[in-house]
Every structure is written in C-alpha cells, then in structure tokens.
Amino acid sequence: MMSVALTGNVAAGKTVVAELWRGAGAPVVLADDLARRAVESGSEGLAMVVEAFGDQVLGRDGSLDRGALRERAFGDARQRERLEAILHPRIRALRDAWMREQDAAGEPLVVAEIPLLFEVGMEGEFDAVILIDAPEEERLRRLIEERGLTERAARSIMDAQMPSAQKRSRADFVLDNGGTREELEDRALALLDLLRARSRKGGTGS
C-alpha cells in the first residue's frame, strides 16, 4: 500500500484537495475529522482538555467549543503545546488504526491529511508528501473573509506554523493554490493519476 501525506499551512487548500481526491475514489482521512473524534463527548481526550483549559471551552450541550479553545490555545505558545500534547497522540492512534484498516482491505493507495506534518517530524513515515501552498496574504484573506476570524487570531494560527517556504523543498510534490479553484482541481487530479500509477507499479509502500 502506498501512503501519501497531504499537508500545507492553514487556508492553503488542503481540504479542497482532500475532498476532491475522496470524490475521485481515493481513501482519504482528514485531520479535522480525527481531531473531532479525539475529543468527542464522553472521551478521555475531552476530559483532559477540560482539565487543562477549564469549563470555558465547553458549549452549553457539554461538547467542545472549538472556537473558545482556539482562542485560549493559539494566543500562547505554552498553551498550544499543552493542547497538542493531549491531541496529537490520540489523533495519531486513530490515523494509524484507519491506515491499518485500509491496508487490510487491500487499498493500493491511501491519503492522510496532516497539517503539521513537518512540524512534528512525520514526513519520513510516508511514501510521498504533497504540499499545498498559497501566498501568505491570500491565506490571511481566506481566514478572515471565509472563516470569520479576526486578523489577530488568523495571524496567531499562521505564525504557529513553519513557513511554507521551508516546506516546499522537503515535499515530493507541491500544488500551488494561488489561482482559481478550477486550476487547483486540474493540477490535483493530474497528480492523483500520477500517484495511482506509481502505486500500481508496486515500487513504494508496504
């Protein structure tokens, strides 16, 4: 099985590519989906987040208020590291279990979307690393206009990530997303075809 990591800084377009590839039939797991499972109601992960950050991060129904947690965690490097220490091991365990399931099902290629792939040093664990990149000002605009963040909150999230310029040289493929969605989709589908061809050759993966 060929394992592919899909990464990129916030608002670069990772989810667009991930959903496009999923729609084209590739098995894809999203980090955000795993993160939600890691802190779902009644989970140990949620209990640990509440213990670390207080009841203020809970909504009225007792579920995690992700916006409140983001405000508390991303404004302070120590708080962010504290949150990551809780979430990352649980997200990783869920991802590993998913990948074992795909392997057992005989899938030739799987894709894991991992925003902080380079930051946590996981790039060597995959057969191919795909970086989605977009200009910083465009990513800032998307966070403010499309996701409703304040400029301060958006910049806090962006500043917490490794600069994309450092990631480009370490990725196997780079998809630029500074143009139209149609251009990104065309490039992404062409790359998926290439990756599938490589997986069929059996030259990589387990």
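Can you give me the span-like helices of the chain, meaning DSSP H runs with 27 Å or more of Cα extent along the axis and Kyte-Doolittle mean at or above -1.0? All intermediate terms of the calculation are to be shown ahead of the outcome.
Numbers: long enough: 77-104 (39 Å, -1.09); 181-201 (30 Å, -0.79).
Sorted by number, the helices that extend far enough and score high enough are 181-201.
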Between region 15-31 and region 39-104, the alpha-carbon center distance in angstrom: 23
Gain upon complete extension [E136, R196; 0.36 nm per residue less C-alpha separation]: 18.5 nm
Per residue accessible area in Å² of the chain, where ligands, DNA and RNA are left out and the probe is 1.4 Å: 52
Fraction of accessible area attributable to carbon and sulfur, region 119-206 (%, probe 1.4 Å): 45
I132 long-range amide H proximity, modeled H, under 5 Å: T7, G8, L175
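The values are calculated or read from the model by the stated rules, or taken from the named source; none is laboratory data. Worth saying up front: this structure is predicted, and the values here are computed from it rather than measured. Protein only, heavy atoms only, side chains kept; ligands, DNA and RNA dropped before computing areas. Shrake-Rupley method; radii C 1.70, N 1.55, O 1.52, S 1.80 Å.
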